[in-house]
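Worksheet for the structure shown next.
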Amino acid sequence: MIIGGCMYQISDNVRRLTNKEKQQYSEQGYVKNLPVFSYNGALELQGLFEELSSRLPSDVDINKTNMWHKASKKFHDLCRTPEILDYVEDILGPNFVQWGGQFFHKEPQSGSVVPWHQDAQYWPLEPANAVTVWLAVYDSDEENGCLYVYPGSQVESCLPINIDEDRLLTNPDDWRNERGKPCHIPGEWVDGVW
């Protein structure tokens, strides 16, 4: 598939959400392992990441750089991949907008941490009826710091947070790692996680 002059090869297994997946999202707050891009598509996305990250000065943290969809036509087009938008539509309905676009990149043994948080706490959206599309561009597992989710937390009010001197969220006392459920995102292809 060619999008905006850049190829992102789509998986042959792409589809719409099943009723069971929609129910899981409603109850648990996430769905994982949704096929979007093929293996070659994942390689193409790795190239996009390398290209965009190389544009930043060495003292700029890519994890703190948002709104890539406004700075890069290729990233903008990636965010408008019809197969991704179909999954979002299956959850939110046909009327939605993109608010942000960001990379989270953690080098092996870097010690980089993204603490427990609820995405809605970062976003100036009211009501906070939103989804995060999380694409694993590189392999992510429990050994190298995969995504963890706290199933059902989307139905609770925002949990308390602490912010350190660098304005990073820190783990509040009432969030415990055992409350999270690890989600392994295989690197053989790129899957969305909501």
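The values are calculated or read from the model by the stated rules, or taken from the named source; none is laboratory data. The shown structure was predicted, so the numbers you read here are calculated from the model rather than taken from an experiment. Counting neighbours? That spans all protein chains shown, and the Cβs are built from the backbone with ideal geometry, glycine included. Calculation scope for accessible area: heavy atoms of the full protein, side chains included, ligands and nucleic acids excluded. Shrake-Rupley method; radii C 1.70, N 1.55, O 1.52, S 1.80 Å.
Evaluate segment 24-41: report whether one residue or more is open to solvent by 80 Å² or more (accessible area, probe 1.4 Å), touching a residue at least 12 places away in the same chain (Cβ under 8 Å) and in contact with a Phe, Trp or Tyr (Cβ under 7 Å, 6 or more places away or on another chain).
The answer is yes; a qualifying residue exists.
With respect to Thr65, is the statement that it is under 20 Å from Arg16 (Cβ atoms), under 17 Å from the mean Cα position of the chain (by Cα) and of a type in the set (Val, Ile, Thr) true? Walk me through it before giving the result.
Details: under 20 Å from Arg16 (Cβ atoms): no; under 17 Å from the mean Cα position of the chain (by Cα): yes; of a type in the set (Val, Ile, Thr): yes.
Here the answer is no, as Thr65 does not meet what is asked.
Name the residues in segment 61-76 that are of a type in the set (Ser, Thr, Tyr) and modelled with pLDDT under 85, would you?
Listed by number, the list holds a single entry, Thr65.
Give Pro57, Pro94, Pro82 a once-over and let me know the one that is at pLDDT 90 or above, over 23 Å from Glu21 (Cα atoms) and more than 14 Å from the chain's Cα centre (by Cα). If you could, list the steps in order and put the result at the bottom.
On the way: Pro94 fails: over 23 Å from Glu21 (Cα atoms); Pro82 fails: over 23 Å from Glu21 (Cα atoms).
None of the others qualify; the one that does is Pro57.
Kindly list the number of the only condition in (1) under 14 Å from the mean Cα position of the chain (by Cα); (2) at negative phi; (3) open to solvent by less than 30 Å² (accessible area, probe 1.4 Å) that fails for Lys106.
If we test Lys106 against (1) under 14 Å from the mean Cα position of the chain (by Cα); (2) at negative phi; (3) open to solvent by less than 30 Å² (accessible area, probe 1.4 Å), just (3) comes out false.
Which one is least open to solvent (accessible area, probe 1.4 Å) among residues in segment 51-64 that are in a loop (DSSP other than H, G, I, E, B) and over 17 Å from Val137 (Cα atoms)? Step through it out loud before you land on a result.
Kept after step one, since they are in a loop (DSSP other than H, G, I, E, B), are these residues of segment 51-64: 54-61.
From what's left, over 17 Å from Val137 (Cα atoms): 55-61.
Values: Arg55: 130, Leu56: 41, Pro57: 71, Ser58: 128, Asp59: 131, Val60: 59, Asp61: 68 Å².
Restricting to residues being in a loop (DSSP other than H, G, I, E, B) and over 17 Å from Val137 (Cα atoms), the top hit is Leu56.
When you scan segment 109-126, do you find a residue that is touching a helix residue (DSSP H, G or I) at 6+ places or on another chain (Cβ under 6 Å) and at pLDDT 75 or above, even just one?
no
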